[in-house]
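*Asks:* Let me begin by handing over the structure; questions about it come next.
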Amino acid sequence: MKIIFISNLFLLFLILSCVSDAPHDNPLDAAHGNKGVRVSGKVLTFYPPFHPVSGAQILLFPDNRIEFSDLQGNFSFGNVQPGVVEIITSAPTYASDTLFVNLKTTDKDLLIHLDALPIFEQVKIRSHHLKQWFPVEDTYYLELRVQVGDPDGKGDVSRVFFSVPDLAYKDTLNATAQPGHFEKYLSQEQLPIPNLAQIIGKKFDFQAVDQPGNSAYSHDHFLPRIIEATPQLISPVGLQTVNGDSVVFTWQKIHLNYFFTFKIELFQINLGVFTRVATIDGIPDTEDRFAYSTGNLLSGQYFWRVYIVDEFGDTSGSKEAAFQIP
C-alpha cells in the first residue's frame with residue numbers, strides 16, 4: 001500500500017508540472033482584477049456652434065448607474081464591464097437621447113447631442129362676431145394665435161398642431177412671415193359643431209414639432225367668451241355728406257358686465273375696392289362717439305364700423321355704415 005501511495009503522488013507531480021498557468025487576458029476573469037473600462041463623454045447642443053449642456057442626467061444600463069454632466073458638459077463612468085450597454089441622456093427642455101454601445105476592452109469616449117425642445121411662449125384663442133348687411137346672417141369665426149420659441153432658434157420650429165379632444169378635431173396652424181408665429185382662422189362652418197358657442201368649455205391642446213421631429217406640448221387652453229352684443233351705429237349713415245373739419249362717429253351706448261373698449265375701422269370706397277384708411281383702438285366703454293379729422297380724408301365715399309373688444313381680444317362688430325366727403 002505504501003508503494004502505491006508514493007506512485008500516485010509521483011504521477012500527480014508529473015501532471016501538474018506539465019500544465020502551465022492559464023492566461024488571464026479575459027477582463028471577466030477574476031484573476032484579471034475585473035476593473036472594466038471607462039465610458040466618458042461630453043453632452044452638447046444639437047446644432048453648431050455646439051455648446052455644453054450642463055446638468056444633463058446620464059443613465060447607464062444594465063449597471064443602473066447615474067452621472068450628471070458638469071459645466072463643460074463632461075461626464076464619466078469608471079469600471080464598466082465590456083458588452084452592450086444602454087446610455088440614456090436627458091435634460092430639462094431637451095429631448096432625451098438613447099445610445100447602445102458595444103464596449104470592448106478599451107475605454108470609450110462619446111459625443112452626445114441633445115435637441116432643445118420648442119417652448120410655447122404665448123397661446124391665444126379668440127372669437128369674432130360680425131353683423132353685416134349681406135349676407136344677413138351674422139358671421140362667427142375662431143382665431144388661434146401661437147408664439148413658439150426654441151433655444152436652437154425659432155427657425156427650428158417646423159409645425160404647430162392643435163386639437164379639440166371633445167370634438168375629435170385636429171388641424172394644423174399656418175406659419176406666418178415672422179419666425180415662431182403661427183395662426184389659424186376657422187369659420188363656424190369649418191368646425192364640427194352647428195354653433196360656435198358650443199366650443200365654450202372645450203379644451204384646446206397644442207403640439208409644436210421641431211426640425212429633428214421632436215415635440216413639445218401645451219395643454220388645457222379655452223376660448224374665454226363669444227360677444228353676442230353688437231354696436232348700433234347712429235351717424236353718419238346712408239351715404240350722408242359730411243362737411244366741416246371732422247366727422248363725428250356716433251353709436252348707441254352699450255353696457256356689459258365685463259371690461260371692454262371700442263374700436264373703429266374706417267375704409268375708403270374706390271371703384272368697388274375697399275382700402276383701410278384708419279383704425280382707432282382703445283376707445284373707453286363709456287364713450288358713444290369719436291371725432292375724426294376730415295383733413296385726413298380725400299374727397300370720396302367711405303364706410304365705417306365699430307367693434308366691441310374685450311380684454312382677451314374677442315370682438316363683435318357692427319354693420320357697416322357709409323358716408324361721403326365732398
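*Asks:* Which is among the aromatic types (Phe, Trp, Tyr) and buried (at least 19 other Cβ atoms within 10 Å of the Cβ), of Phe182, Phe161?
*Replies:* Going through Phe182, Phe161 in turn, just one is among the aromatic types (Phe, Trp, Tyr) and buried (at least 19 other Cβ atoms within 10 Å of the Cβ): Phe182.
For (1) over 20 Å from Glu311 (Cβ atoms); (2) of a type outside the set (Phe, Trp, Tyr), each residue gets a yes or a no:
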position: Phe182; (1), (2): yes, no
position: Leu191; (1), (2): yes, yes
position: Gly201; (1), (2): no, yes
position: Ser215; (1), (2): yes, yes
position: Leu233; (1), (2): yes, yes
position: Val237; (1), (2): yes, yes
position: Thr250; (1), (2): yes, yes
position: Arg276; (1), (2): yes, yes
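*Asks:* For the stretch 254-321, which fully contained strands (runs of 3 or more DSSP E) count at least 3 residues that are touching a residue at least 40 places away in the same chain (Cβ under 8 Å) and surrounded by fewer than 19 Cβ atoms within 10 Å (Cβ to Cβ)?
*Replies:* Correct list: 260-270, 289-293.
*Asks:* Is it the case that Asp205 is surrounded by 14 or more Cβ atoms within 10 Å (Cβ to Cβ) and either over 30 Å from Gly300 (Cα atoms) or of a type in the set (Val, Ile, Thr) (or both)?
*Replies:* yes
*Asks:* Here's another thing I want to ask about it. Tell me yes or no: at least one residue of the stretch 282-289 is in contact with an Asp or Glu (Cβ under 9 Å, 6 or more places away or on another chain) and farther than 30 Å from Gly149 by Cβ.
*Replies:* Taking the stretch 282-289 and keeping what is in contact with an Asp or Glu (Cβ under 9 Å, 6 or more places away or on another chain), we get none.
No, the stretch 282-289 has no match at all.
*Asks:* From the list Phe75, Phe68, which residue is of a type in the set (Phe, Trp, Tyr), buried (at least 16 other Cβ atoms within 10 Å of the Cβ) and not assigned by TED's automatic domain parsing to the domain that holds Gly180?
*Replies:* Phe75
*Asks:* When you go through (1) touching a Lys or Arg at 6+ places or on another chain (Cβ under 6 Å); (2) free of Cβ contacts under 8 Å to residues at least 40 places away in the same chain one by one for Asp107, which number turns out not to apply?
*Replies:* Status for Asp107: all satisfied but (2).
*Asks:* Would you mind listing the strands (runs of 3 or more DSSP E) fully within the stretch 163-247 where at least 3 residues are without any contact (Cβ under 8 Å) to a residue 40 or more places away in the chain and over 14 Å from the mean Cα position of the chain (by Cα)?
*Replies:* Fully inside the stretch 163-247 and qualifying: 169-172.
*Asks:* Looking at the stretch 149-186, which of its residues are on the phi > 0 side of the Ramachandran plot and touching a helix residue (DSSP H, G or I) at 6+ places or on another chain (Cβ under 8 Å)?
*Replies:* Answer for the stretch 149-186, where residues must be on the phi > 0 side of the Ramachandran plot and touching a helix residue (DSSP H, G or I) at 6+ places or on another chain (Cβ under 8 Å): just Gly180.
*Asks:* From the set of residues in the stretch 135-162 that are assigned to a strand (DSSP E or B) and among the charged types (D, E, K, R), which is farthest from the chain's Cα centre (by Cα)?
*Replies:* Taking the stretch 135-162 and keeping what is assigned to a strand (DSSP E or B), we get 139-149, 157-162.
From the residues that got through so far, the ones that are among the charged types (D, E, K, R) too are 143, 145, 159.
Details: Glu143: 17, Arg145: 11, Arg159: 9 Å.
Among those residues, the one meeting the criterion is Glu143.
*Asks:* Please find, among Phe100, Phe5, the residue that is surrounded by fewer than 10 Cβ atoms within 10 Å (Cβ to Cβ), among the aromatic types (Phe, Trp, Tyr) and modelled with pLDDT under 95.
*Replies:* One residue alone meets the criteria, Phe5.
*Asks:* With the structure loaded, tell me whether Lys35 is at pLDDT below 95 and out of contact with any Asp or Glu (no Cβ under 9 Å at 6 or more places or on another chain) or whether it fails that test.
*Replies:* Answer is yes for this residue.
*Asks:* Name every residue in the stretch 74-132 that is in a loop (DSSP other than H, G, I, E, B) and of a type in the set (D, E, K, R), in order of residue number.
*Replies:* If we filter the stretch 74-132 for residues that are in a loop (DSSP other than H, G, I, E, B), which is where we start, we get 81-82, 91-93, 95-96, 104-107, 115, 117-118, 131-132.
Within the stretch 74-132, Lys104, Asp107, Asp115, Lys131 meet the criteria.
*Asks:* May I pose another question? Would you point out which residue out of Asn74, Asn102, Asn79 is in contact (Cβ under 8 Å) with a residue 40 or more places away in the chain and not β-branched (Val, Ile, Thr)?
*Replies:* None of the others qualify; the one that does is Asn79.
The values are calculated or read from the model by the stated rules, or taken from the named source; none is laboratory data. Since the structure is predicted, the reported quantities are computational estimates derived from the model, not experimental observations. Ideal geometry is used to build each Cβ from the backbone, glycine not excepted, and the neighbour counts take in all protein chains shown.
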